[in-house]
1. Do we have any residue at all in segment B:106-119 that's touching a Pro at 6+ places or on another chain (Cβ under 6 Å), surrounded by 18 or more Cβ atoms within 10 Å (Cβ to Cβ) and of a type in the set (Ser, Thr, Tyr)?
2. Please indicate, with yes or no, whether at least one residue in segment A:115-123 is hydroxyl-bearing (Ser, Thr, Tyr) and more than 19 Å from A:Glu204 (Cα to Cα).
3. Would you check which residues across segment B:49-80 are touching a Gly at 6+ places or on another chain (Cβ under 7 Å) and either at negative phi or crowded, with 19+ Cβ neighbours inside 10 Å (or both) and list them?
4. Quick check: anything in segment A:76-84 loosely packed, with under 15 Cβ neighbours inside 10 Å, at pLDDT 90 or above and in a helix (DSSP H, G or I)?
5. Restricting the search to segment A:162-187, which residues are over 26 Å from A:Val101 (Cβ atoms), away from chain B (no Cβ under 11 Å) and crowded, with 18+ Cβ neighbours inside 10 Å?
6. For the condition away from chain A (no Cβ under 14 Å) and of a type in the set (S, T, N, Q), what is the one hit in B:Gln148, B:Gln130?
7. Among the residues of segment B:188-200, is there at least one that is in contact (Cβ under 8 Å) with a residue 60 or more places away in the chain, assigned to a loop (DSSP other than H, G, I, E, B) and closer than 22 Å to B:Gly55 by Cα?
8. Out of all the residues in segment A:17-41, which are aliphatic (A, V, I, L, M) and within 30 Å of the chain's Cα centre (by Cα)?
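The values are calculated or read from the model by the stated rules, or taken from the named source; none is laboratory data. The model shown is predicted, which means the values in this text are computed figures rather than measured ones. With ideal geometry, Cβ positions are generated from the backbone for all residues, glycine too; neighbour counts draw on all protein chains shown.
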Amino acid sequence: MTGALQRWLLPTLVLLALIAGWELLVRLANIPAYTLPAPSLIGQTLAANFGSLAGSWWVTVKITAGALALACAGGVLIAGAFALSPTLERALFPVAVVLQVTPIVAVAPLILIYVESTTAALLLCAWIVAFFPILSNTVVGLRAADANLRDLFRLYRASPWQRLRLLSLPAALPYFVAGLKISGGLSLIGAVTAEMVAGAAGRETGLASRILEASFRTETPKMFAALTLLVLTGVLIFALFNALSGWLLGPWHSSESDRPL
Amino acid sequence: MPTTEHVNEPAAPPAPTLPPLIDLQQVGKRFDSGLQALQGVSLAVRGGEFVTLLGPSGCGKSTVLRLAAGLEAPSSGRVSAPALQPGSRGDTAFVFQEPTLMPWASVFDNVWLPLRLQGHSRTQAAPAVQAVLQRVGLADFAQARPAQLSGGMKMRASIARALVTRPQVLLMDEPFAALDDITRQALNADLLQWWHAAGSMAALFVTHSVAEAVALSQRVLVMAAHPGRVVAELAIDAPYPRPAGFRHSAPFTDACRRLGQALAEAHAA
């Protein structure tokens, strides 16, 4: 009972208290809606504009999911290639680091010039942000197999394929999942940032465009409504990958153990 | 030539006409770091023998095992062992100090591994895996993950994995060093049974416990460090299966005392 209380009830209460405090502050201090809208007004705006916002939300989700899927595929494949060839890793890892440390806001305008399709450009931006945690974590994970277990595979003359499938990949899984948890949030940030820079307008655009539009018109409640959807999406991604981590690693990995540190 | 002092005449090997399974002749091992791990080590283990390497940490005991498993190559001298034969698979088993189980796999899957690497499907391997799990007392834990087992049970699973291929050679690197003394003695007794039941399997066991060396083996090779070498050999004159009270008998205490002396002399030299 205390476990469930600490895990769910307490954070929910804190969150509700924050929202209630916000509502109270706006009402008591008579803050105008164009400066800070009350949560109730944000809720109403969200309901009133749900049709257009949901469409934009779907566009953002598609870019995020697409970038994350490409980041997984790219990160794992490149990590696999690095694991097979240390020379390749030494040659290419600096490039990956350069991609990682360059602020995406600064490169996005260039990408938008070079890549004709806006969707492709947005995907590329979000991918650049999302792929590095998966790559670097998987590279470490593919080397994380216990040295004695590796000796055992040598003793029994395992083929490289057997070693990869039965030893390296399972041993790398916790590291990959840790990277995935980081990249999930980053791909959403990448997708929104890139769209902000692109400043695209029109029907097939994401939540970032709705926020920009609303900001030009000083429709602050609508900005908050779109922002709320983004936050909920981020939380959803986080929850999804936490559940995935529990499902994949729960039975055996200490990162999913309930024991206190 | 190392000064191999024969404290006692070695017991007659069971099949003197057979060539040794593991044969090290004047083996030296120098690591890339410049450390001379072994120098002039000669030893032979025949099928059906239980031989123990006894010595302090850093005397190269583990290196001898790794040479016999083909996991290291000697810098000088000659090593012959089944693991070094081309095409050899599963005739040498290695038990490490840690249980070294795959944490993501069930006990069954861990024990299946050596057969799986030889291409046996789960169904093909199941009778052998279940039989060996039964023998080590883990039949009810086939589906458990290693994290759910106690230290002694993990080591039982590790030994089951070693035995599942019916190896000719069983190499063990301080497998019980991390266990409490009660569990350790129980596993010592069980290990002797499993080794005895395997018939002509050669066992080469590494320990730094004098009592364990005496309890288990027919021959004990005492090693010294810097550089690692064999300095004495002692035969334990007690037939298998060892009687229940062997640990409290005069021959046991006597052998422990003589081994302790040999270790002290090796250390003083």
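1. no
2. No, there is no match, as no residue in segment A:115-123 is hydroxyl-bearing (Ser, Thr, Tyr) and more than 19 Å from A:Glu204 (Cα to Cα).
3. Step one: list which residues in segment B:49-80 are touching a Gly at 6+ places or on another chain (Cβ under 7 Å), which gives B:59-61, B:63, B:74-77.
Residues satisfying the conditions are B:Cys59, B:Gly60, B:Lys61, B:Thr63, B:Pro74, B:Ser75, B:Ser76.
4. Our first condition is that a residue be loosely packed, with under 15 Cβ neighbours inside 10 Å; within segment A:76-84, this holds for A:77, A:81, A:84.
Keeping just the survivors that are at pLDDT 90 or above gives A:77.
This time we only want the ones that are in a helix (DSSP H, G or I), so: A:77.
Yes, that holds for at least one residue.
5. Residue satisfying the conditions is A:Ser168 alone.
6. B:Gln130
7. Initially, segment B:188-200 is screened for residues in contact (Cβ under 8 Å) with a residue 60 or more places away in the chain, giving B:192, B:195, B:197, B:199-200.
Checking the rest, the ones that are also assigned to a loop (DSSP other than H, G, I, E, B) come to B:199-200.
Still in the list and also closer than 22 Å to B:Gly55 by Cα: none.
There is no residue in segment B:188-200 that is in contact (Cβ under 8 Å) with a residue 60 or more places away in the chain, assigned to a loop (DSSP other than H, G, I, E, B) and closer than 22 Å to B:Gly55 by Cα.
8. Result: A:Ala17, A:Leu18, A:Ile19, A:Ala20, A:Leu36, A:Ala38, A:Leu41.
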